[in-house]
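Novice: Have a look at the structure that comes next, please.
Read-outs throughout are calculated quantities, based only on the coordinates presented, and are distinct from any laboratory measurement. Bear in mind that the values here come from a model prediction, so they are computed numbers and not experimental data. Here the Cβ positions follow ideal geometry from the backbone for every residue, glycine too, while neighbour counts run over all protein chains shown.
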Amino acid sequence: MGGTGLRIGIIGAGSAVFSMKIVSDLCKFPSLSDSHVVLMDVDRTRVENVLVLAKELTKYFNAKLKFSIVETIKNAVEGSDFVINTALAGGHGYLDLVRSIGEKHGYYRGIDAQNFNFVSDYLNLTNWNQLTLFLKIARTIEKYAPNAWYLQAANPVMEGTTLVSTQTGIKMVGFCHGHHAVEAIAKFLGVSEYEWQVGGVNHGIWLTKFRTKDGKDLYKEVEKALQKTRYEEFKPSNPFDDQLSPVAWEMYKLYGLFPIGDTVRNSTWKYHRDLQTKIKWYGAPWGGADSEIGWKWYVEELSRVVGVIDMFAKMVREGAKINELKTGTQIDDYLKEILSEKISGEQHVPFINSVVSKVPGRFVVNVLNKGKIKNLEDDVAVEICATVCGEKFEYEETHIPERVVNWYLKPRILLAKQAIDAFLNKDVRLIADILERDPRTKSTEQVEKLIAELYTVVRQEAEKIEQQE
């Protein structure tokens, strides 16, 4: 693998915000700036808009990136050195459908809402279509690009990384940006320079090291802050502003480590029973990102961004320069970010650079455990810190207290393995067994009626992905 002429396939490239961050980052690494980026998405209009903006962004940075749009997974994979998957099979329409069927049968926020798994686009019980897509991409890589790296960006990263890594022999790593939430804690404490480490599983990571550059334990400052914290004073700026929410402090008090990023959302039913409960713990008026109100806010914002991207692409086609685009909204901040010299914060391109150029870089990676975190099973993906240089990974020693391991990580891992087992065997009896232990279940008849309706849809959508080229 050389430092020039890389071929990078992006599946789900119609996700404009993510794709533009990737393109922007590629422009900022001289060793990667002449790569060929292959864009693939089932939504032709959206991927064509991304192409227009990506070309303009490349001109802005005077990079040499080349682009092409392809129709099939095979075309995106064949000949690639790296394949990035950010696709959401079925889109938000599928998420809404399976959630609505679950709620019809008495399962508030859908059956995928389970202890330690409440993130609304992190389906693991009804996402046979998404898991089918993950395996389809991985097996296509095995056949047509066996030396390529598969970078998993689409949710569920934990189940996806576990599934692909245990069912195929390809090189893969999963990425998530949730660890950046450490910055919110540091800012709250008034600390600008610090050392940190996180560990656990995706959307279940914990602050395992937090200290000043000279070795002072910053958890002592966290304890001081805890004594002064007044839950009633918490006012989130948006539904995703939860790193310092009451639930985060409660989880810290219970488990002994601070939950980081989406881990705060992945708590227990104590914090998620209904809308009022969510509002109590995640703050008014939304009750967090995963309430019916918070998620509606997110989907509307997402739709608005898609509309703005369409408008931007039209303006560029008509001759506007990318640095002239303005909306008067927060989207302008996003544009400013991708036009700056600063790296986006997504790990994919810096990882590619470390692999290709052999420049050491520190990353938070999702990989099979294989003893990296003690007392957890080897064949499940964990999320830990590692230094990458070439294709060599040096994993940081990660110590997680028994309470976090036994009371949080092991139950979450069990759910992931059960979900994968049910998917691989297409056995709805296993799903029924999970639901029989669900606090929302009132009778076996309820479970049977739900499965009859819901898994007809789940099977059909999985079959569509299987038949997709």
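Novice: Would you please put 268-281, 153-166 in order of how densely packed they are, using the mean number of other Cβ atoms within 10 angstrom per residue and starting with the highest?
Specialist: Peptide ranking by packing, descending: 153-166, 268-281.
Novice: Work through the residues other than TYR60 whose Cβ is under 12 Å from its Cβ and net out their charges, Lys, Arg +1 and Asp, Glu -1.
Specialist: +1
Novice: Can you give me the P(r) profile for segment 1-66? Cα pairs, bins 5 angstrom wide beginning at 0, each as a whole percent.
Specialist: Taking every Cα pair in segment 1-66, the percentages come to 4, 20, 31, 25, 14, 5, 1.
Novice: Please name whichever of ALA225, GLN276, ASN49 sits farthest to the positive end of the charge dipole of the chain, dipole taken about the Cα centre and charges placed at Cβ: Lys and Arg +1, Asp and Glu -1.
Specialist: It is ALA225.
Novice: Need the list of aspartates and glutamates near LYS64 for cross-linking: C-alpha distance under 18 angstrom, and skip anything on the same chain fewer than eight residues off.
Specialist: ASP25, ASP34, GLU56, ASP81, GLU341
Novice: If you don't mind, there's one more thing I want to ask. Helix-only estimate, please: 222 nm mean residue ellipticity of the chain, summing -39500 (n - 2.57) across DSSP H runs of length 4 or more and dividing by its residues, to the nearest 500.
Specialist: Only helices count here, giving -14000 deg cm²/dmol.
Novice: Considering only C-alpha atoms, what is the centroid distance from segment 1-46 to segment 50-69, in Å?
Specialist: 9
Novice: Straight-line reach from LYS296: which lysines fall under 26 Å, measuring Cα to Cα and dropping same-chain residues less than 8 apart?
Specialist: Leaving aside lysines fewer than 8 places away in the same chain, those within reach of LYS296 are LYS21, LYS104, LYS235, LYS270, LYS278, LYS280, LYS326.
Novice: Next question, about the same structure. Can you give the relative contact order of segment 349-469 as a percent, counting alpha carbon pairs under 8 Å and 6+ residues apart?
Specialist: Reported as a whole number, the value is 15 percent.
Novice: Beyond 20 Å, what share of the Cα-Cα pairs of segment 1-129 is found? Please give it as a whole percent.
Specialist: Every Cα pair in segment 1-129 considered, those over 20 Å come to 52 percent.
Novice: Also, I was wondering about something else. Using the crude model of +1 on Lys and Arg Cβ and -1 on Asp and Glu Cβ, and no other charge, please compute the dipole size for segment 52-126 relative to its Cα centre, in debye to 20.
Specialist: Roughly 240 debye, rounded to the nearest 20.
Novice: Which one, ILE101, ALA76, VAL119, projects farthest toward the positive side of the charge dipole computed for segment 15-154 from Cβ point charges (K/R +1, D/E -1)?
Specialist: The one lying farthest along the dipole's positive direction is ALA76.
Novice: When you have a sec, figure out the Kirkwood radius of segment 338-381 from all distinct Cα pair distances and drop it here in Å to one decimal?
Specialist: Its Kirkwood hydrodynamic radius stands at 12.7 Å.
Novice: So, one more: Normalised by the number of residues in segment 159-251, what is the relative contact order in percent for Cα pairs under 8 Å and 6+ residues apart?
Specialist: 18
Novice: Next question. Can you tell me the order of 51-59, 356-364, 286-294 when each peptide is scored by its average per-residue count of other Cβ atoms within 10 angstrom, highest first?
Specialist: 286-294, 51-59, 356-364
Novice: Using only Cα atoms, locate the centre of segment 102-138 and the centre of segment 337-412, then give the distance between them in Å, rounded to an integer.
Specialist: Taking the Cα centre of segment 337-412 as reference, the centre of segment 102-138 is 24 Å away.
Novice: Oh, and also: Sort 406-418, 207-219, 117-129 by packing, meaning the average of other beta carbons within 10 Å per residue, with the highest value first.
Specialist: Most protected by this proxy first, the peptides run 117-129, 406-418, 207-219.
Novice: Where does the chain land on Rg(C-alpha)/(2.2 N^0.38 Å)?
Specialist: 0.96
Novice: Moving on to the next point. For the chain, what is the relative contact order in percent, using Cα pairs closer than 8 Å and at least 6 residues apart in sequence?
Specialist: Relative contact order comes out at 19 percent.
Novice: Which translational diffusion coefficient, to the nearest whole µm²/s, is obtained for segment 324-469 from the Stokes-Einstein equation, given a Kirkwood hydrodynamic radius over C-alpha pairs, 37 °C and 0.692 mPa s?
Specialist: 166
Novice: Taking a cut-off of 17 Å between Cα atoms, list the lysines near LYS213, but don't count ones fewer than 8 places away on the same chain.
Specialist: Leaving aside lysines fewer than 8 places away in the same chain, those within reach of LYS213 are LYS187.
Novice: Let me know the charge dipole size of the chain about its Cα centre in debye, to the nearest 20, where only the beta-carbon of Lys, Arg (+1) and Asp, Glu (-1) is charged.
Specialist: Dipole about the Cα centre, nearest 20: 480 debye.
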